[in-house]
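What follows draws every value from the coordinates through simple rules; no lab data is involved. What you see is a predicted model, and the numbers here were worked out from it, not measured in a lab. Heads up, the Cβs are rebuilt from the backbone with ideal geometry, glycines too, and the neighbour counts pull from every protein chain shown.
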Amino acid sequence: GSGVVAATPEQGDVEYLAPISIGGQTMNMDFDSGSSDLWVFNTQLSTASQTGHTNFDPAKSSTFKLIQGASFSISYGDGSGAAGTVGTDTVNIGGATVTSQAIELATAVSSSFVSDTQSNGLVGLAYSKLNTVKPTQQKTFFDNAKSTLAMPVFTADLRQAAVGAYTFGAIDSTRFNGSLTWAAVNTTNGFWQFSSTKFQVGRGSTMNIAGGQAIADTGTTLMLANAAVVNAYYSQVTGAVNNQTVGGVTFPCNAQLPDLAVDVGGTYMATVRGDDINFAPVDAASTTCFGGLQAISSNLQIYGDIMFKSQFVAFNGGNNTIGMAPH
Ligand SMILES: CN(C)c1ccc(C(=O)NN)cc1
């Protein structure tokens with residue numbers, strides 16, 4: 001079969017939420033192609049942490065089973081994290097169903113998750129080798145569903161301030177322009193990782209970053225690239241400054257932002273619209289805006305939601321490739 005769910009942006013496109021059913025209980029979740037744990041807000045959490053959230057109640061699911069002695073503990077690139085116990089239950093995402101999916105029940109979550117009340121947990125969609133459950137590592141929903149899906153793929157159609165979709169088991173060609181271009185995925189680190197060494201700012205010359213690699217990460221809001229690329233990009237933006245106070249590059253909100261093309265696997269130049277790189281105002285008067293493209297010091301670049309707003313992305317778990325097309 002296949003499954004389709006709406007992907008709805010939070011205010012400011014900070015993250016994209018989609019509904020899943022766990023043991024008959026519907027939870028709006030953050031789908032994250034950069035991690036591999038499915039964890040939920042639930043009735044085991046302190047009442048303070050539960051406040052404002054939809055909390056999964058394992059006692060109300062007739063199909064929930066605890067995995068004795070299992071636990072998880074995950075931390076994300078931004079320092080946030082969650083930890084707790086583990087069970088299994090039936091998970092249905094838009095019609096795609098897994099009967100014995102590992103459900104990780106947080107007993108502790110960091111403050112940024114508690115305050116993010118629209119999100120009731122994460123659905124990890126990276127490779128299962130990154131799953132944090134101990135003593136027995138668990139599989140992601142996609143890994144479990146793959147063999148029953150019409151095609152071993154899931155896709156992300158994320159949009160700027162508009163509702164898109166996550167699809168499992170099918171590629172809906174009405175969601176993108178032209179044809180998908182596919183690139184090899186390096187699965188060594190457990191991410192949807194590919195080589196990304198060539199960059200082009202606007203219609204300018206291309207620059208090369210030897211050994212550049214990137215991951216496609218729906219769970220990261222921005223696009224984090226090599227500092228030399230980021231500096232070359234913003235050198236073309238009048239008034240762009242590195243603003244330590246707000247934590248990155250800002251520019252006048254009326255600035256003319258060039259497009260940025262980044263190579264994907266050496267086979268495709270993915271164009272990110274300049275308009276999508278204007279992320280959000282930092283002041284009430286909307287005079288100064290924060291860039292959606294920011295520098296990362298590691299040579300593993302993180303292409304987050306800013307890229308997904310310009311590029312439709314297909315993740316093929318059958319042959320470990322990633323497909324992209326403008327949308
Ligand atoms: C605090 N929250 C909502 C986060 C959600 C996801 C991530 C992340 O790095 N995903 N790849 C970090 C933080």
Tell me whether the stretch 286-296 contains one or more residues that are surrounded by 17 or more Cβ atoms within 10 Å (Cβ to Cβ) and hydroxyl-bearing (Ser, Thr, Tyr). yes
Collect the residues in the stretch 106-117 that are near the ligand (Cβ under 10 Å from one of its atoms), out of contact with any helix residue (DSSP H, G or I) (no Cβ under 6 Å at 6 or more places or on another chain) and either in a loop (DSSP other than H, G, I, E, B) or not hydroxyl-bearing (Ser, Thr, Tyr) (or both), keeping them in residue-number order. Ser110, Phe113, Asp116
Identify the residue in the stretch 253-277 that is part of a strand (DSSP E or B) and of a type in the set (Val, Ile, Thr) and, among all such residues, is farthest from Ala232 (Cα to Cα). Val264
Looking at this structure, is Ala145 among the aliphatic types (A, V, I, L, M) and under 30 Å from Asp89 (Cα atoms)? yes
Step by step: first the residues of the stretch 48-94, then only those that are within 16 Å of the ligand (Cβ to nearest atom) and of a type in the set (A, V, I, L, M, F, W, C), then the one that is surrounded by the most Cβ atoms within 10 Å (Cβ to Cβ). Which residue is that? Ala82
For the stretch 294-309, the count of residues that are in a strand (DSSP E or B), closer than 16 Å to Val264 by Cβ and out of contact with any Ser or Thr (no Cβ under 7 Å at 6 or more places or on another chain) equals 2
Could you please give the count of residues in the stretch 168-188 that are surrounded by 14 or more Cβ atoms within 10 Å (Cβ to Cβ) and in a loop (DSSP other than H, G, I, E, B)? 8
Could you give every pair whose Cβ atoms fall below 9 Å, whose first residue belongs to the stretch 268-282 and is surrounded by 20 or more Cβ atoms within 10 Å (Cβ to Cβ), and whose second residue is of a type in the set (S, T, N, Q) and assigned to a loop (DSSP other than H, G, I, E, B), counting only separations of at least 6 or pairs across chains? Ala270/Ser196; Ala270/Ser310; Val272/Ser310; Gly274/Gln256; Asp276/Gln160; Asp276/Ser310; Phe279/Thr221
Where in the stretch 195-252 are the strands (runs of 3 or more DSSP E), entirely inside, with at least 3 residues that are more than 16 Å from the ligand (Cβ to nearest atom)? 198-201, 206-208, 241-243, 248-252
Among Leu45, Leu38, the single one that is farther than 30 Å from Ala161 by Cα and either within 16 Å of the ligand (Cβ to nearest atom) or within 15 Å of the chain's Cα centre (by Cα) (or both) is Leu45
